[in-house]
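A short worksheet on the structure shown next.
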DNA sequence: CTACTATATAGTAATATTACTATATCTAGT
DNA sequence: ACTAGATATAGTAATATTACTATATAGTAG
C-alpha cells in the first residue's frame, strides 16, 4: 500500500471537521443532538433560526460526516454520526471556560 | 450581575476557537508547538509554506488567544497560549481515525 | 547610518461562507 | 389528483477567507 503521504495531508480531514463545527449555530445543533435525534423543525425552533438556514447547516454537517439523517414519514430526524464530536464539544467548552479572551 | 445571555452567545466563543484551528496549516502549527516554542522561520520551513502566510496564520491564532508570541532579539517565538487546544487536537485526531469519511 | 536578518503588514484577486427569499420536492391524508 | 406539512434546494448579495506579491518595520551588528 502506498504510504507516501503529504505531510499536510494529515491535517486536512481533522481541519475540515473542526471548521465544520466552527459555527455558533452548528455547534448549538451538535449540543442539541447530543442526547438524541431531533427533527429539522424542532432544531430550527430551538435555534430560533429559519428553516432554510437550519436545513443548510444540517445538510453541510451530514455531508461532512458529523450528522446522519433518518426519514420518518414527512419528517427528517438528524442525529450525531461522528460521536467523537461530542468529546470535541466538551473539550472546547473547557478550552473556553479557562480563558478570558473573546 | 446580568445573567441575561443570548442562547447563541454561549456558542460564539467556542465556535471561534474551532474555526481558528480549522485550517490544515494552523492545525499543523498547533501540533508543531505542542512540545515547545518555535520561531516564525522554523515554523514556515517545517510547514513548507511562505513566510508571509505563516506569519498571517500565527498572527490570527495569537489574536484569537490560541498562541502567544515572545520576541527574542530579531526572532519571534510562538507558543501555545490556550493549552486546551492540545486536548482539542487529540480529540480531533481520534475523531478522524475512527471515521472513514473525508 | 548602513546593511542584514527576521517578522509583519498592505494591497489584492480568487474563492468560500453566510444568510436570505423564493421555490421545489417529498410524504401523508382526503 | 389535490392539499397541507415538512424539508431541501436554487439563486443571490454581502462578507470573509485564503494565498499571493511587494513592501514596511524591528532588531542587531558593523
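Pick from A:60, A:33: which is exposed (fewer than 15 other Cβ atoms within 10 Å of the Cβ) and touching a residue at least 40 places away in the same chain (Cβ under 8 Å)? Spell out how you get there, then give the answer.
Details: A:33 fails: exposed (fewer than 15 other Cβ atoms within 10 Å of the Cβ).
So the residue among A:60, A:33 that is exposed (fewer than 15 other Cβ atoms within 10 Å of the Cβ) and touching a residue at least 40 places away in the same chain (Cβ under 8 Å) is A:60.
Scan the stretch B:44-80 for residues that are at the interface with chain A (Cβ under 8 Å from one of its Cβ atoms) and within 12 Å of the chain's Cα centre (by Cα) and jot them down.
B:64, B:65
Name the one entry in B:44, B:8, B:15, B:69 that is free of Cβ contacts under 8 Å to residues at least 12 places away in the same chain and touching a strand residue (DSSP E or B) at 6+ places or on another chain (Cβ under 6 Å).
Details: B:44 fails: touching a strand residue (DSSP E or B) at 6+ places or on another chain (Cβ under 6 Å); B:8 fails: touching a strand residue (DSSP E or B) at 6+ places or on another chain (Cβ under 6 Å); B:15 fails: touching a strand residue (DSSP E or B) at 6+ places or on another chain (Cβ under 6 Å).
Selected residue: B:69, the only one of B:44, B:8, B:15, B:69 that is free of Cβ contacts under 8 Å to residues at least 12 places away in the same chain and touching a strand residue (DSSP E or B) at 6+ places or on another chain (Cβ under 6 Å).
Do we find that residue A:57 is within 12 Å of DNA strand D (Cβ to nearest atom) and under 22 Å from residue B:90 (Cα atoms) in this structure?
no
Taking the stretch A:22-35 as the region of interest, how many residues are within 14 Å of DNA strand D (Cβ to nearest atom) and assigned to a loop (DSSP other than H, G, I, E, B)?
Looking only at that region, the number is 2.
Go through the stretch A:63-80 and give me each residue that's surrounded by 17 or more Cβ atoms within 10 Å (Cβ to Cβ) and assigned to a loop (DSSP other than H, G, I, E, B).
Those that are surrounded by 17 or more Cβ atoms within 10 Å (Cβ to Cβ) and assigned to a loop (DSSP other than H, G, I, E, B): A:64, A:65, A:66.
Can you tell me which of (1) modelled with pLDDT of 95 or more; (2) under 14 Å from the mean Cα position of the chain (by Cα); (3) buried (at least 17 other Cβ atoms within 10 Å of the Cβ) is the one residue A:85 doesn't meet?
Of (1) modelled with pLDDT of 95 or more; (2) under 14 Å from the mean Cα position of the chain (by Cα); (3) buried (at least 17 other Cβ atoms within 10 Å of the Cβ), only one is false for residue A:85: (1).
The values are calculated or read from the model by the stated rules, or taken from the named source; none is laboratory data. Please read all numbers here as calculations on a predicted model, not as lab measurements. Cβ atoms come from the backbone with ideal geometry, glycine included; neighbour counts cover every protein chain shown.
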